[in-house]
Amino acid sequence: MIRGRVMGEVWATKKAPRLAGRKLLLVAETCVTSDGERPTGRVVVATDLLDAGQGDTVVVAFGSGARNAESPGSRDVLVDAAVVQVIDGSSTPGAD
Amino acid sequence: MIRGRVMGEVWATKKAPRLAGRKLLLVAETCVTSDGERPTGRVVVATDLLDAGQGDTVVVAFGSGARNAESPGSRDVLVDAAVVQVIDGSSTPGAD
Amino acid sequence: MIRGRVMGEVWATKKAPRLAGRKLLLVAETCVTSDGERPTGRVVVATDLLDAGQGDTVVVAFGSGARNAESPGSRDVLVDAAVVQVIDGSSTPGAD
Amino acid sequence: MIRGRVMGEVWATKKAPRLAGRKLLLVAETCVTSDGERPTGRVVVATDLLDAGQGDTVVVAFGSGARNAESPGSRDVLVDAAVVQVIDGSSTPGAD
Amino acid sequence: MIRGRVMGEVWATKKAPRLAGRKLLLVAETCVTSDGERPTGRVVVATDLLDAGQGDTVVVAFGSGARNAESPGSRDVLVDAAVVQVIDGSSTPGAD
């Protein structure tokens, strides 16, 4: 999983039928250094079941982990990334 | 999933039999910063079931997510990346 | 798997139900060069079943490997990264 | 999947029994920019069922996609990368 | 799969029970350019069933490919990376 910040939502009319009704967020991966938090430059597109908002710091899971967040044990989910946690805080200075 | 821009199509006569008839696109991954959109330098090859065209901004899914876009629940699909959405717009400034 | 150093714990009240009760760590990936150990800049979020503490050097497994650390053979675990070893030492100079 | 150029073949006497008889290629990932094609610096090792030769531009599939190229639907194939197409041309200037 | 050079072994007393008895190696990924071989900066931790030694050039497989090297067809193996070949030579100048 990675830690990132929600940049906003993307929308589309032309999409795979199995994505219909799903909310997709742009999330900018962040890392924490001695100088504080900064974006790594990697941006992922993730589904959101937790109603995360722009600016929220979140945990994104990938692959089967993400599909199990959507539908546990199911083998036919289309997504490969999902917001699984909205971070409240951290024991790492500068990481909340 | 990632967000990227369609660069064009690749074609081949020598290919794995299970790829016959599939349209393959070159997609350049993009990220969005305060300076606007720019390519990250990563280029992926993805199948396209949505008839995306050169210059379109798209969402690409990977792994089982991509295979489930092609054939839900199937376990024998060859591809590992598929265009699953053509982006119309975004709530992130500069990301559409 | 990768080698990294534990930065601290993240916490949240808003999370996927299947993450309830799980401890999540921020782990900074490290590499070892002739100049010694340094962070690569990649930070992952991993579950921890080994009670690793801040500053520990650990091995993190990903994907089904991580899910099999949590629940062997299970197909519905949400996580995609898990601490599977706390490193005591190494035969590589500077890598312990 | 990625696009890359075949650098050559690697050989070994000490190998996992399930790799016996398999041809393994070194493939340098390439990207296409406005300045033409250049290597990204990433090199992968992939099996080859298409008799690709040094200098050929190819598409490499990963994970289950690669295993399905070798043996569709099989769950016990060792490889994680396979050449699935030898590119003849492209609609992207400079990408063939 | 990737090509890399064995840096050494890591050891631990605190580990996931399913890793007990497994030898874990640090492997530095390498790439080959016109200037010869150099490390990419990526270091992975992989199991070793081939008795590879420090300084050996090896092929590392990931994910289910690695698990199938350990136990073909099994679905409960913890590891996600395994040494599957010790490279003897290559048709690429500078890559052996």
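A compact table of results
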item: Residue in the stretch C:8-26 that is hydroxyl-bearing (Ser, Thr, Tyr) and facing chain E (nearest Cβ under 8 Å) present; result: no
item: Among (1) touching a Lys or Arg at 6+ places or on another chain (Cβ under 6 Å); (2) at pLDDT 95 or above; (3) more than 10 Å from chain C (Cβ to nearest Cβ) - the single one E:Thr30 does not satisfy; result: (2)
item: Positions within the stretch E:28-75 being part of a helix (DSSP H, G or I), touching a helix residue (DSSP H, G or I) at 6+ places or on another chain (Cβ under 8 Å) and not hydrophobic (A, V, I, L, M, F, W, C), in sequence order; result: E:Gly63, E:Ser64, E:Gly65, E:Arg67, E:Asn68
item: Count of residues meeting criterion [closer than 17 Å to A:Gly89 by Cβ and of a type in the set (Asp, Glu)] in the stretch C:3-30; result: 1
item: Unmet requirement for E:Leu50, which otherwise passes all of (1) facing another protein chain (nearest Cβ under 7 Å); (2) over 22 Å from B:Gly63 (Cα atoms); (3) surrounded by 23 or more Cβ atoms within 10 Å (Cβ to Cβ); result: (3)
item: Where a residue in the stretch A:21-47 is in contact (Cβ under 8 Å) with a residue 40 or more places away in the chain and its partner, wherever it lies, is assigned to a strand (DSSP E or B) and open to solvent by 50 Å² or more (accessible area, probe 1.4 Å), with Cβ under 6 Å and at least six apart; result: A:Leu25/A:Glu9
item: Breaking point among (1) over 16 Å from the mean Cα position of the chain (by Cα); (2) exposed (fewer than 14 other Cβ atoms within 10 Å of the Cβ); (3) more than 10 Å from chain A (Cβ to nearest Cβ), for B:Arg38; result: (3)
item: Which listed residue, of E:Leu25, E:Leu19, is under 16 Å from the mean Cα position of the chain (by Cα), surrounded by 23 or more Cβ atoms within 10 Å (Cβ to Cβ) and either small (Gly, Ala, Ser) or over 30 Å from D:Arg38 (Cα atoms) (or both); result: E:Leu25
item: Residues (surrounded by 23 or more Cβ atoms within 10 Å (Cβ to Cβ) and either more than 26 Å from A:Gly73 (Cβ to Cβ) or of a type in the set (A, V, I, L, M) (or both)) located in the stretch B:53-63; result: B:Val58, B:Val59, B:Val60, B:Ala61
item: Filter result for the condition that a residue is surrounded by 22 or more Cβ atoms within 10 Å (Cβ to Cβ) and either at pLDDT 90 or above or farther than 23 Å from E:Thr40 by Cβ (or both), over D:Val79, D:Val45; result: D:Val45
item: Hits in the stretch A:64-76 (condition: touching an Asp or Glu at 6+ places or on another chain (Cβ under 7 Å) and either surrounded by fewer than 23 Cβ atoms within 10 Å (Cβ to Cβ) or more than 8 Å from chain C (Cβ to nearest Cβ) (or both)); result: A:Pro72, A:Gly73
item: Some residue of the stretch E:4-14 being surrounded by fewer than 23 Cβ atoms within 10 Å (Cβ to Cβ) and closer than 26 Å to D:Ser64 by Cβ; result: no
item: The listed residue being touching a Phe, Trp or Tyr at 6+ places or on another chain (Cβ under 6 Å) and more than 14 Å from chain B (Cβ to nearest Cβ), out of A:Asp88, A:Asp80; result: A:Asp88
item: Residues (of a type in the set (D, E, K, R) and more than 25 Å from A:Asp48 (Cα to Cα)) located in the stretch C:9-35; result: C:Glu29, C:Asp35
item: Selected residue (criterion: farthest from B:Ala81 (Cα to Cα)) from residues of the stretch B:54-63 that are more than 7 Å from chain A (Cβ to nearest Cβ), of a type outside the set (S, T, N, Q) and under 11 Å from the mean Cα position of the chain (by Cα); result: B:Asp56
item: Residues being open to solvent by less than 10 Å² (accessible area, probe 1.4 Å) and among the hydrophobic types (A, V, I, L, M, F, W, C) - total across the stretch A:82-94; result: 3
item: Subset of the stretch E:13-32 [touching a Gly at 6+ places or on another chain (Cβ under 8 Å) and not charged (D, E, K, R)]; result: E:Leu25, E:Leu26, E:Val27, E:Ala28, E:Thr30, E:Cys31, E:Val32
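The values are calculated or read from the model by the stated rules, or taken from the named source; none is laboratory data. Values in this document were obtained by computation on a predicted structure and should not be read as measured data. FYI the Cβ positions are ideal-geometry reconstructions off the backbone, even for glycines, and counts take in every protein chain you see. Note: accessible area is taken over every heavy atom of the protein model, side chains too, but ligands, DNA and RNA are not part of it. Shrake-Rupley method; radii C 1.70, N 1.55, O 1.52, S 1.80 Å.
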